[in-house]
4 protein chains.
Amino acid sequence: MTDQPTEISYEEKLFSKKYYIMTPGPTEVPQEVLKTIVSDEALLPNYQEIYDVDVKLIKKLLNNDGEVIIMGGGATVGLEALVSTLINEKTRVLVLSAGYFGEIIANLIKIYHGKVDVIRERQGKIPSLKAIEKYLSKNKVDYVIFAHCETSAGTIFNIEEIAKVVKENSQAKIIVDAVSTAGAVPINVNNGKSGVDAVVFGAQKALNMPPGLAIVSLSKKIVEEMEKLEPKGYYLNLRLWLNFWETKRRLPSTPPINLLYGLKVSLERIFNEGLQNVYRRHLLVSKKLRDALRKMGLRIVAESEEIASPTVTAVYMPNGIDSETVVNDMWRKYGVLVATALGEISNRAIRIGHMGITATLDNIFTVTYALSKTLANRGVSINIKDVLSSLT
Amino acid sequence: MTDQPTEISYEEKLFSKKYYIMTPGPTEVPQEVLKTIVSDEALLPNYQEIYDVDVKLIKKLLNNDGEVIIMGGGATVGLEALVSTLINEKTRVLVLSAGYFGEIIANLIKIYHGKVDVIRERQGKIPSLKAIEKYLSKNKVDYVIFAHCETSAGTIFNIEEIAKVVKENSQAKIIVDAVSTAGAVPINVNNGKSGVDAVVFGAQKALNMPPGLAIVSLSKKIVEEMEKLEPKGYYLNLRLWLNFWETKRRLPSTPPINLLYGLKVSLERIFNEGLQNVYRRHLLVSKKLRDALRKMGLRIVAESEEIASPTVTAVYMPNGIDSETVVNDMWRKYGVLVATALGEISNRAIRIGHMGITATLDNIFTVTYALSKTLANRGVSINIKDVLSSLT
Amino acid sequence: MTDQPTEISYEEKLFSKKYYIMTPGPTEVPQEVLKTIVSDEALLPNYQEIYDVDVKLIKKLLNNDGEVIIMGGGATVGLEALVSTLINEKTRVLVLSAGYFGEIIANLIKIYHGKVDVIRERQGKIPSLKAIEKYLSKNKVDYVIFAHCETSAGTIFNIEEIAKVVKENSQAKIIVDAVSTAGAVPINVNNGKSGVDAVVFGAQKALNMPPGLAIVSLSKKIVEEMEKLEPKGYYLNLRLWLNFWETKRRLPSTPPINLLYGLKVSLERIFNEGLQNVYRRHLLVSKKLRDALRKMGLRIVAESEEIASPTVTAVYMPNGIDSETVVNDMWRKYGVLVATALGEISNRAIRIGHMGITATLDNIFTVTYALSKTLANRGVSINIKDVLSSLT
Amino acid sequence: MTDQPTEISYEEKLFSKKYYIMTPGPTEVPQEVLKTIVSDEALLPNYQEIYDVDVKLIKKLLNNDGEVIIMGGGATVGLEALVSTLINEKTRVLVLSAGYFGEIIANLIKIYHGKVDVIRERQGKIPSLKAIEKYLSKNKVDYVIFAHCETSAGTIFNIEEIAKVVKENSQAKIIVDAVSTAGAVPINVNNGKSGVDAVVFGAQKALNMPPGLAIVSLSKKIVEEMEKLEPKGYYLNLRLWLNFWETKRRLPSTPPINLLYGLKVSLERIFNEGLQNVYRRHLLVSKKLRDALRKMGLRIVAESEEIASPTVTAVYMPNGIDSETVVNDMWRKYGVLVATALGEISNRAIRIGHMGITATLDNIFTVTYALSKTLANRGVSINIKDVLSSLT
C-alpha cells in the first residue's frame, strides 16, 4: 500500500461528525439557522417586521401576554438589564441558589445595591420549598429570583411549586433566569397568573442560536412597576426599550438583525416539531443518558431524578480521574465536546449538554460510546455492551 | 399549553439529522465538498491544474502508473466509454455475473457487438474461482469483466484471487467496474502488475460526491492496445481524451469543473484519514451492522461473510413483509433512506449503503434503531436491547 | 503608518467583486442556484419530479410541444447524442458554418459517417440566405444544421429567416445548436411549425449553471423519425432516454440530480424577470458595449449590427497588441475574465461574454473601464470620459 | 411568445445584484465573512485565541499600544460603556457637535450626570478650531468628545488638528466616536502620543460586519485613570472586562464568538489590500461620487470638500422632491438602498454610504445611474451622459 503510516487510530473516525458540541452552551446551530443568518434578506438594515414576528413567537413559547424585549448581547445583558431597571438600594431580594450561577445572580444584585438574602444548597441539591416558605413567612421581599436550571450542576427547580409557595406567603414578584431551559423545558408564565413576572434567557442554549441575543419577557404587572422607578442608563434601561418601540418603532440600538431572522427559524423549528414533543424528547433523551451513565458505574450530580435537568447532565468522574482529562480525551479522540463542571465540583464532574437539536438519541449514543471508551482507556472497568443496551 | 396538537409522534425526531441517506448511492455529500463545489475558485472556467491534481490523487488511490481519465457524466458513461473504445464484433469477453449489474455489463458488451460469455450465479453467491478456471482453460477471451461489488445483492468479488486465476489461465485483460467500492475497499492495480488493466467508477458512491463524474483508470498496456483499434465516436472515445490532453492540454468537452475541485477535497479527506483506516472502518462498521441485523433475526443476502460487501448490505425481510413497505416506513418515520434490492430479490430484501462518510458507528446505530422499531411496528418480535448491544 | 508597503496599485481594488466572469462560458452562477445545488433536498437520490418540472420549463422556454431530454454531461454530449442517434452513412447533411464551432459540427457528422456539405463564411460574416437557397435548390439533404451563435466570432444567425428558406426549398429538418443563446435570445420552435426540429444546448452559458447538463429539445416529427432508425450505443442513444422515461420513469443513467434542482431555479429566474425583458436586456446591454468599444477606436468582429450576437462580443485589438496579453492584463489587474477569440482570429481578437446574469449595465461599465485602462496602459490613446458616456 | 405580460420595466434588472446596500450602515457583508461566521470552527465555544488575534489586529489598525476591548452589542454599547466607566457627576466634558449624533453623545453624558458643554454647528458645517481654542482657554474640562464623522450630514472632523488644539490649550483627554470611519479613514492614535485616548466604534460600518460587536480602544493613560474611579455595574464596566481577561482569560459575558472569527477575516481583508490603499480608495470614490452629484445639479450637504466624509455623502434633493420619495424609488426600481438624512435636514437630503467593500467604482456607477434616472423620472432635467463621464 502506498498509504503513509498515520498516527490516527481508526477509532477516532468512527463517528459521522467532525465535532459534537455537547457543552451546556453555546450549542450546535442547525444548518437552517446558519443559512438564514447569512441570507440576503437577513442582512438588510430593516428589522421592524422581523422583530414583531420574534416577539410574537416568544410570547407563544412562554404563554405571555405582557411584553418581550430582544436585545443584542449575551444572556448576561438581559439579566443585568432586568436587575439594573428594577433593583435599587431599597429593593429587597431573595435569591434561591443551587450553586455557581445562583451566586452570580446574588452578586449582580449587590452590584446594583439591592438588599439580598440567599437560600443556598450545595451543588446537587436545591433549596427546599419548606426553607423558602419559612423565609418568606418571616421576611418581606420584593423579588424572588432564581436560575431555573443550575447549569453548573445539572439541577433544575420546579417553577410551579416555587411560585405557589411564593404567592401563598408573600407579595413578591418572581424573576426566572431560564437561560438553559427556555425552549426545552416548559416555562408557562400563564399570562401573569402563574406568579412568574419576568423570564430572561439567551438564544445560544436550547434555541441553538449563535450567541448574540438576550431575551426578556415581562408580565403586564412588572411593566407597570417599572414605570414608577427612576430611569438609569441607556442600553440596560428596559423602559427605554419599550418606549422607543412604542413611540418610534425602533430600538435604542441596532440589534443583530440577522440573528433576529435566525431566531424566527429556530422558534418555528420548535413549534413545527410541537412544543410538547420537544419537551418530551428532552425528558426521554436525558433519562436514557443518565441510565447509561449509571451503567458505567458513575454517579449523577443531581441527587434525585426529580431535580435532574432535561438539558444538562453533570456526572462525577471515578475517583482519581480528573474532569479536565476526560473532557480533553473526548475532544481529541472523538470530537465530542463536553465541559467540566463549575464551582466546587469542577474538578470532579463533567457536564454534558443536550439542548435543542443536540438532544437526540444518536448524539446520546455517541457521547455514551465516547465516554465509555475514554474511561476504559483510563483503566475504568466498563461493560460497554450493557451500557449501550440502555439506549433503546 | 397553547401548542397545537400534532400528529407527529415524538419518536420521529429522536435523531439529529433530517435525512440519513443510506442508499447504495448517490450518497451523502460532506459539507466540505459542498462548500468547495460552490466556491468562487471552483466556478472559474479553468480546469487544467485541478484536473492534474485529481488524476494524481486517483493514481495514488489505485496505485496506478498508467493513465486516468475523468469525464463528465454518470458512472455508466465511464463503463460505456471503455466498452465502446475497446470492444468490437471481434472481441471475445467473459463476464462474471453475481446478479443485476453483472447482467447490465453483459448487455452493454452486446450492444457494442462483442462476443460475450457469462458465468453467472444467483444473487447472494458469486461465481467460483473453479468455474472461472474451467472456462478459461477451454476458451480464449480478450477481456474478463466484472463488477467488484454486486450492488444489487451486497456481494463482493475478490479481485486478487480472480486476477491470479485469469493470469494463470489466459492472456485476458481484466476490467473491473468498481462503482461501489473505489475509496472504500482496496483496489490495488499495482502499476499493471496485478493483472487489472482497467478500473471504472463514479464519484457519487464511496467518494461521496454529487453525481456527475465518471473515472476511468487504465494500465499502460491497455492504452497501447487502444492505439491499435479503429476510433469510434467522440465523447465516448477514450483515445481522444488522452490525445486531447496530451496535445492540447484540454479535454474534448468542458468537464463539470466545480466537481473536479470537489473531487480533490473528497480524495484528500480519504488520504487524511489514512487509506488503511478508511478500509478498516468500512470492514468494522459493516460487520457490526450484519451482527445487529442477525440479532434482529434477519438473513443477510450474501451467503458468507467472505463475500459480504463492506459498502452495501442486502438483507432479507421477514416473510410477509415487503421490502418497499420497510423502505417507506423508515423514510417517513425516521428520515432514514435505504433502498429495496434489485433483480429477483427486490421485493424481499432491502439494501443499506455504508459508503465513505456514511460508514460510521452512529449511522449504524440510527439505521439499526430505525429498522428494529419499523419491524417491531409491523409485528416482528425483536429484542432491541440485544440488538443495540452488538454495536460496541 | 504601520502598514507594510504593497505592490498592489489601488486601481486593482476599485471594483466590487473579486472575479468578473465575462467569458462566453462557463458563466457566473447566481447565489440562488449555488445554494440550491447544495441543498438537502437536491442531494436526495430521487429525480422523477424535478425532472418533470425542468422538462416542462424547457418546453415553455422554447415553445415546444414535443419532447425534451436532459442529460448529464457537457453540451457536446447533447449534440453528439443527436448526431449519433440521427446520422448514419446514408444521411445527407448541410452545415452552415461561420467559423470554429460550425466546423466542429461538420466534423462530428463525419465521425458518424454522414455525407456532409458545408456552406462557410469566414469569421465575422455568416452564410447568406441566397447561398443556402442556391444550394438547396440543387441538392437534397435530410438535415440543415448550424450553431445559432458562432461563439468564436460573436456572430448570430437568424433562425426564422433560415427556416423559411429551408422550408421553401427542401424537406430538410433543421437542427440548431443553441449553446450560447438559449435563455438569452428568442428560439421559438413554435411547436414544430417553425421548421426547427431539434435544439440542443448546455446549461452553463445563458442559463448560468455550473457545467454538467446537456439539453435536447425535439419536435414530434423528429421523434417519429428516430423510431425508424436502427439504435446505436447506450448513453448517446436518445431513443433509449425517451423509452426509459416512458416505460420505467427513470433515465438510462443517474443524472446530476442537484443540477436538475438548480436548473429549475435558473429557469424560474428567467420567467420571473419575463422572457421578453430578458431578451431586451441582452440586446440593450450588448448594444451599449459595442458602442463603448467603438468609442475606444476598436473594430467589432461581427461585420454588421444585424449579425452581432447579444450574448458574446468579439472585438479586434489594436494592431500590435496580442489578445492574450489583454486577457491576462484584465484578469491580473481587475479580476475581469474575458477570453481570446478562437480559430483564425484568435490572436487578434478578444471575446466578452454577456450572458444571463452577467448581461448587466454595471458589468458592462466594469469591463469597459478595465479594457480602456488596459489598452491605455499599453499605449493606446483612449478618451475614457467619452467611452463611459456611452453607457447611459 | 408564451411569456406572460409583466409590469416590471426592463430597467429594473439592468444591474447585477438584487440589493445594493449603500446606506451608512449596517453595510453589505463580504461573502468571506459570511462563510466564516457560519463555519464549524467559528461555532465552537472557545474564544480565547481568536479574541487575542482580533485585539492585535485592532491595535495595528489604530496604531495603539494600550488596550482593546471587544464587546457583544451594538456600537452604542461601546460608547455607553466608555461613558459609564469614565463619567460621573464630577466630570466636565466638552462635546463637539456637528448635528444629530453629536447631540446623542451629549445626551448620553447627561444620563450619566456629567457636566457637559457643547460647541455645535448646524449640519453641513463643523465647529471651528478657533471656537474650540477659545472655549478651552476659558474652561477646564476632563474630556473632549466628538463623532469623527457626523453620519447624519456626511461631514468629518480633522482629528489631528483638533488634538493639537486640545493639547495646546488643556489637559483634557480626547474620546473619538469613530463609528463610521474606523477602517476607512486614518485614525492614528500613535500609541497615546496623538492625544486621542479612546476610540470606540462598531464593526457593522466600514468593517462590513453584521451588527453585534462594539470595539473600544484605550490608551495606557486612560486605563490608569479608570483604575482610580469607583466601579459601576457589570456589563458596561470596562474595568471588569480588562480585569477578567487579565486574571481569568475570559470575558464577563460570552461574546458572539462567530463574529470574532468574522472580524479577523474583515480586518485581514483590509490589511491585504493595504491600509493606505483602502484609505485612498475611499477618498477617490467619494470624490467621484460628489463630482457626479454636482453634475446632476445637486448640492452636497458638507459645505466644503475638506469636511466631506470619505465614507458617507449627504446630498440635498432638488426643491419639491422629498428625500423619502427618492429613497423609496431607488429601492423599488433598482434595489439600491440609500437612506434619508437625519435631524433637521432629514426631509431634504439623502445619504449614500460608501464604506469598506461598497466603496467601489462600479457601485458608484450604479448609485449614480439609479439616482439620475430616479430624479429624471421625477421631472428633474439631467444630462446623464455628462454625469457618467465623471466616473473615470
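The values are calculated or read from the model by the stated rules, or taken from the named source; none is laboratory data. What you see is a predicted model, and the numbers here were worked out from it, not measured in a lab. Here Cβ is always computed from backbone atoms with ideal geometry, including for glycine, and neighbour counts include all displayed protein chains. Ligands, DNA and RNA are excluded from the accessible area calculation, which covers all protein heavy atoms including side chains. Shrake-Rupley method; radii C 1.70, N 1.55, O 1.52, S 1.80 Å.
Quick rundown of the values:
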{"quantity": "Under the Karplus curve 6.51 cos²θ - 1.76 cosθ + 1.60, θ = phi - 60°, whole-Hz ³J(HN,Hα) for region D:225-234, x wherever Gly or Pro sits", "calculated": "4, 3, 4, 7, 7, 6, x, 9, x, 10"}
{"quantity": "1.4 Å probe accessible area per residue over the protein assembly as shown, in Å²", "calculated": "36 Å²"}
{"quantity": "Dipole in debye (nearest 20) - region A:157-236, about Cα centre, beta carbon charges: Lys, Arg +1; Asp, Glu -1", "calculated": "80 debye"}
{"quantity": "Estimated buried accessible area (total), pair A and B, 1.4 Å, Å² to nearest 100", "calculated": "4000 Å²"}
{"quantity": "Anisotropy class of region D:286-392 from Cα gyration tensor, a/c 1.5 cut", "calculated": "rounded"}
{"quantity": "Label point 7 Å beyond Cα along the C-beta direction, distances from A:LYS220 to other copies (nm, shortest first)", "calculated": "6.0, 7.0, 9.0"}
{"quantity": "Crossing angle, helix B:48-62 versus chain B [Cα axis fit, 0-90 degrees, rounded to tens]", "calculated": "80 degrees"}
{"quantity": "Distance from region A:371-392 to region A:118-172 (C-alpha centre basis), Å", "calculated": "37 Å"}
{"quantity": "Virtual paramagnetic centre 7 Å along Cα→Cβ of D:ARG239, amide N under 18 Å, in region A:77-115", "calculated": "A:107-114"}
{"quantity": "Inter-label distance, nm, simple model (7 Å from Cα along the C-beta direction), B:TYR19/B:ASP386", "calculated": "3.6 nm"}
{"quantity": "Cα gyration tensor shape for region A:210-309, rounded if a/c is under 1.5, else prolate or oblate", "calculated": "prolate"}
{"quantity": "Farthest toward positive dipole pole in chain A [+1 Lys/Arg, -1 Asp/Glu at C-beta], among A:VAL166, A:VAL93, A:ILE111", "calculated": "A:VAL166"}
{"quantity": "Paramagnetic label zone (point 7 Å from Cα along Cα-to-C-beta, D:LYS287; backbone N under 14 Å) in region D:147-169", "calculated": "none"}
{"quantity": "Rounded, prolate or oblate (a/c below 1.5 giving rounded, otherwise prolate when a/b exceeds b/c) for region A:31-182 by Cα gyration tensor", "calculated": "prolate"}
{"quantity": "Simple Cβ-charge dipole of chain C, Lys/Arg +1 and Asp/Glu -1, about Cα centre, in debye nearest 20", "calculated": "660 debye"}
{"quantity": "Cβ-Cβ FRET estimate between A:GLU230 and D:SER137, R0 fixed at 56 Å, reported to 0.05", "calculated": "0.90"}
{"quantity": "Value of relative contact order over chain B, rounded to a whole percent, pairs C-alpha under 8 Å and six or more apart", "calculated": "23 percent"}
{"quantity": "Expected 222 nm ellipticity per residue - DSSP helices of 4 or more, -39500 (n - 2.57), all of chain D, to 500", "calculated": "-12500 deg cm²/dmol"}
{"quantity": "Net dipole in debye of the protein assembly as shown [+1 Lys, Arg Cβ; -1 Asp, Glu Cβ; about Cα centre; nearest 20]", "calculated": "0 debye"}
{"quantity": "Region C:55-99 versus region A:291-364: alpha-carbon centroid distance in Å", "calculated": "63 Å"}
{"quantity": "5 angstrom amide H check on C:ARG120, placed H, neighbours 5+ away", "calculated": "C:SER97"}
{"quantity": "Distance violations [Cα-Cα > 28 Å] among C:LYS333/D:LYS56; B:LYS110/B:LYS221; A:LYS264/A:LYS295; D:LYS60/D:LYS138; B:LYS264/C:LYS17", "calculated": "C:LYS333/D:LYS56; A:LYS264/A:LYS295; D:LYS60/D:LYS138"}
{"quantity": "Helix B:129-138 axis, angle to chain B major axis (alpha carbon atoms, nearest 10°)", "calculated": "20 degrees"}
{"quantity": "Long-range amide H partners of B:ALA349 with built H, under 5 Å", "calculated": "B:MET317, B:SER323, B:ALA341"}
{"quantity": "Helix B:100-111 axis, angle to chain B major axis (alpha carbon atoms, nearest 10°)", "calculated": "30 degrees"}
{"quantity": "Whole-Hz couplings from phi, Karplus 6.51/-1.76/1.60, listed for region B:17-23; x for Gly and Pro", "calculated": "9, 5, 10, 10, 7, 10, 7"}
{"quantity": "Percent carbon-and-sulfur accessible area, chain D, ignoring ligands, DNA and RNA, probe 1.4 Å", "calculated": "47 percent"}
{"quantity": "Choice from D:THR151, D:THR340, D:THR374 with maximal GNM fluctuation in chain D (Cα, 10 Å cutoff)", "calculated": "D:THR374"}
{"quantity": "Built amide H within the under 5 Å cut-off of C:VAL312, gap 5+", "calculated": "C:HIS354"}
